[in-house]
C-alpha cells in the first residue's frame, strides 16, 4: 500500500549543483531512469546552479517530467557536485 501511495503522488525535485560536471551526470541518470523505470509518477525537475561567476543562483526548469521516487532522489544526492536535493 505504501509503495502504491508513493507512486500515485508525483513529486518534484529541486537539485542544487555547484558545477557543470554534476549537471552532465544528472542528465545521464535522468535519461537512464526514463528508459528503465515505469512511467507512473512523473514529476518536474529543477536545477539550481551556484557558481562564483554567476550573479546569484540560477534556476533551470527541465522541459520533460521524469519518473521520481525516494530511491532516485537518493541516487542523485550522491552525484559529485550536488549540494542538496529537495522535494516539492
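Here are the numbers for this structure:
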{"item": "Restricting the stretch 68-84 to residues that are in contact with a strand residue (DSSP E or B) (Cβ under 6 Å, 6 or more places away or on another chain) and outside any loop (DSSP other than H, G, I, E, B), the residue that is surrounded by the fewest Cβ atoms within 10 Å (Cβ to Cβ)", "result": "84"}
{"item": "Any hit, the stretch 42-57, residues being touching a helix residue (DSSP H, G or I) at 6+ places or on another chain (Cβ under 9 Å), surrounded by 15 or more Cβ atoms within 10 Å (Cβ to Cβ) and in a loop (DSSP other than H, G, I, E, B)", "result": "no"}
{"item": "Some residue of the stretch 8-31 being assigned to a helix (DSSP H, G or I), modelled with pLDDT under 90 and in contact with a helix residue (DSSP H, G or I) (Cβ under 9 Å, 6 or more places away or on another chain)", "result": "no"}
{"item": "Conditions (1) in contact with a helix residue (DSSP H, G or I) (Cβ under 9 Å, 6 or more places away or on another chain); (2) modelled with pLDDT of 90 or more; (3) surrounded by fewer than 16 Cβ atoms within 10 Å (Cβ to Cβ); (4) part of a loop (DSSP other than H, G, I, E, B): number failed by residue 63", "result": "(1)"}
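The values are calculated or read from the model by the stated rules, or taken from the named source; none is laboratory data. Keep in mind that what you see is a predicted model, and the values were worked out from it rather than measured. Note that we place each Cβ from the backbone using ideal geometry, even for glycine, and neighbour counts take in every protein chain shown.
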